[in-house]
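First comes the structure, then the notes that go with it.
The values are calculated or read from the model by the stated rules, or taken from the named source; none is laboratory data. What you see is a predicted model, and the numbers here were worked out from it, not measured in a lab. Ideal geometry is used to build each Cβ from the backbone, glycine not excepted, and the neighbour counts take in all protein chains shown. Ligands, DNA and RNA are stripped out before the accessible areas are found, and what is left, the full protein with its side chains, is counted by its heavy atoms. Shrake-Rupley method; radii C 1.70, N 1.55, O 1.52, S 1.80 Å.
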Amino acid sequence: MISAIGVSYLLQNLALYFTGGLNRMYPAIPWISDTISVFGVTTRRVTVITPFLVVALVFILVWLINNTKIGIAMRAAAKDFDTSQLMGIKINSVISTTFIIGSFLAAIGSILFFTSFPGVFPAAGAMPGLKAFVAAVFGGIGSIPGAVIGGLLIGVFETLIRGGDIILGPAGLGILSSPMDIAAFSDAFTFVLLVVILVFRPSGLFGEKPTDKV
């Protein structure tokens, strides 16, 4: 994980150097970027297909981890790295395959995420990446459905926090002095949640509780 974070910062800074940090237009992806009407509400097609695609990918990933040879090798390496090597598992191949699968899922996630934005810049994925880590910890490290549920809950909470400006701000009850009073802390909420989870439930909502070896 530490090496992955280091490489991500390397790539971000290389992109920053070569592009100058300026926003680049995000290309409109055919069909996904189209605008549709759902129950009288106009939205992008990506908003509608994202939940279904996420559920499908979760089922596929869980099946791959639990029912395929490479999935069993991943679970064995995660449980006991040294013993897995002694049992004949090619650890380097497992690690490479894991990164390939993770990068593929990250690419799909970035397409779904940035389709709603007009432009991108080199560090645009830094905050979503950190929040994905928080979601994994919140849901439970080692639990794929838990990570998805954790991400969903974080998204709902952040949306409610930003929506508090509408209710309490100048256009609502007039309690807040400016529309940014609550929304400015929506990102901070995610990391406060991380601290709380690590203190009171380090295994997350659906993670396995560590067992003491005798």
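Within the stretch 100-124, can you find the residues that are out of contact with any strand residue (DSSP E or B) (no Cβ under 8 Å at 6 or more places or on another chain) and in contact (Cβ under 8 Å) with a residue 60 or more places away in the chain?
Selection gives 111, 112, 117, 122, 123.
Within the stretch 137-149, which residues are closer than 15 Å to residue 59 by Cβ and either assigned to a loop (DSSP other than H, G, I, E, B) or open to solvent by 40 Å² or more (accessible area, probe 1.4 Å) (or both)?
First pass over the stretch 137-149, keeping only residues closer than 15 Å to residue 59 by Cβ: 143-149.
Of everything in the stretch 137-149, those that are closer than 15 Å to residue 59 by Cβ and either assigned to a loop (DSSP other than H, G, I, E, B) or open to solvent by 40 Å² or more (accessible area, probe 1.4 Å) (or both) turn out to be 143, 144, 145, 148, 149.
Among the numbered criteria (1) within 17 Å of the chain's Cα centre (by Cα); (2) open to solvent by less than 100 Å² (accessible area, probe 1.4 Å), which one does residue 43 miss?
Tallying (1) within 17 Å of the chain's Cα centre (by Cα); (2) open to solvent by less than 100 Å² (accessible area, probe 1.4 Å), residue 43 fails exactly one: (1).
Give the residues of the stretch 1-29 that are over 28 Å from residue 145 (Cβ atoms), under 24 Å from the mean Cα position of the chain (by Cα) and either open to solvent by 70 Å² or more (accessible area, probe 1.4 Å) or of a type in the set (S, T, N, Q) (or both), sorted by residue number. Working first, answer last.
Within the stretch 1-29, the first condition is being over 28 Å from residue 145 (Cβ atoms), and the residues that meet it are 6, 9-28.
So of that shortlist, the ones also under 24 Å from the mean Cα position of the chain (by Cα) come out as 6, 9-16, 21, 23-28.
If the condition is that a residue be over 28 Å from residue 145 (Cβ atoms), under 24 Å from the mean Cα position of the chain (by Cα) and either open to solvent by 70 Å² or more (accessible area, probe 1.4 Å) or of a type in the set (S, T, N, Q) (or both), then 9, 10, 11, 12, 13, 14, 16, 23, 24, 25, 27, 28 are the ones that fit.
What do you reckon, is residue 152 modelled with pLDDT of 85 or more and open to solvent by 60 Å² or more (accessible area, probe 1.4 Å)? Spell out how you get there, then give the answer.
Details: modelled with pLDDT of 85 or more: yes; open to solvent by 60 Å² or more (accessible area, probe 1.4 Å): yes.
Criteria met by residue 152.
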